[in-house]
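No lab work stands behind these numbers, since they all come straight from the coordinates. Given the structure is predicted, the values throughout are model-derived calculations rather than measurements. Cβ sites come from the backbone with ideal geometry, for glycine too, and all protein chains shown count toward neighbours.
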Amino acid sequence: MKSKTVELLGNKYELIRNDKDCFNYDEIVEKATDYFEDYDYIFGDFAYDKVRLKGFYDSDNKKVKEINDIKYMDKYVEDYCSFGARIFLLKKIK
């Protein structure tokens, strides 16, 4: 996948995962709120053609907890996303 950079919530992000080319900027802009500004990553999954967003932190971020630690993202996908869900991951460029 060719690296893609997007601007969202006044920050720049690199699209580092984009399963089945599911990332749709216009749809994400509608869903993203200032709640996500603080996170190092914005994760999205599609269920029933609707996108759900979740914030994750780098493991060394002082605000990290197990539920939002990026190293546990695969477990989150396994436990909370539909099997075979299309997912994407944006990483904040600092």
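Miscellaneous remarks
- The distance between label points at residue 34 and residue 22 comes to 2.9 nm (points 7 Å beyond Cα on the Cα→Cβ vector).
- Under 16 Å of direct C-alpha separation, and excluding same-chain neighbours fewer than eight residues apart, residue 50 reaches these aspartates and glutamates: 19, 21, 26, 27, 30.
- Sequence-distant residues sharing a close amide H with residue 17 (under 5 Å, placed H): 89
- Coil-residue GluC sites (Glu not before Pro) of the stretch 30-66, DSSP, other Cβ within 10 Å capped at 14: 37
- Taken about its Cα centre, the chain carries a charge dipole of roughly 200 debye when the Cβ of each Lys and Arg holds +1 and the Cβ of each Asp and Glu holds -1.
- Summary value for the chain: 38 percent relative contact order, contacts being C-alpha pairs under 8 angstrom separated by 6+ residues.
- In order along the stretch 34-48, the phi-based Karplus estimate (6.51 cos²θ - 1.76 cosθ + 1.60, θ = phi - 60°) of 3J(HN,Hα) comes to 4, 3, 8, 4, 7, 6, 7, 9, 10, 9, x, 9, 10, 10, 6 Hz; Gly and Pro are listed as x.
- The order of the peptides 86-93, 21-28 by mean Cβ neighbours within 10 Å, most packed first, is 86-93, 21-28.
- Couplings 3J(HN,Hα) of the stretch 11-22, computed from phi: 10, 9, 10, 9, 7, 9, 8, 8, 4, 6, 6, 8 Hz, in residue order, whole Hz [Karplus 6.51 cos²θ - 1.76 cosθ + 1.60, θ = phi - 60°; x for Gly and Pro].
- Helical mean residue ellipticity (222 nm; -39500 (n - 2.57) per DSSP H run of 4+; nearest 500) of the chain: -4000 deg cm²/dmol
- Ordering 22, 32, 43 by Cα displacement along the dipole of the stretch 16-71 toward the positive end leaves 43 in first place; charges were set at the Cβ atoms of Lys, Arg (+1) and Asp, Glu (-1).
- Listed residue pairs exceeding 24 Å between alpha carbons, taken from 4/31; 62/94; 20/65; 31/92; 63/91; 71/92: 20/65
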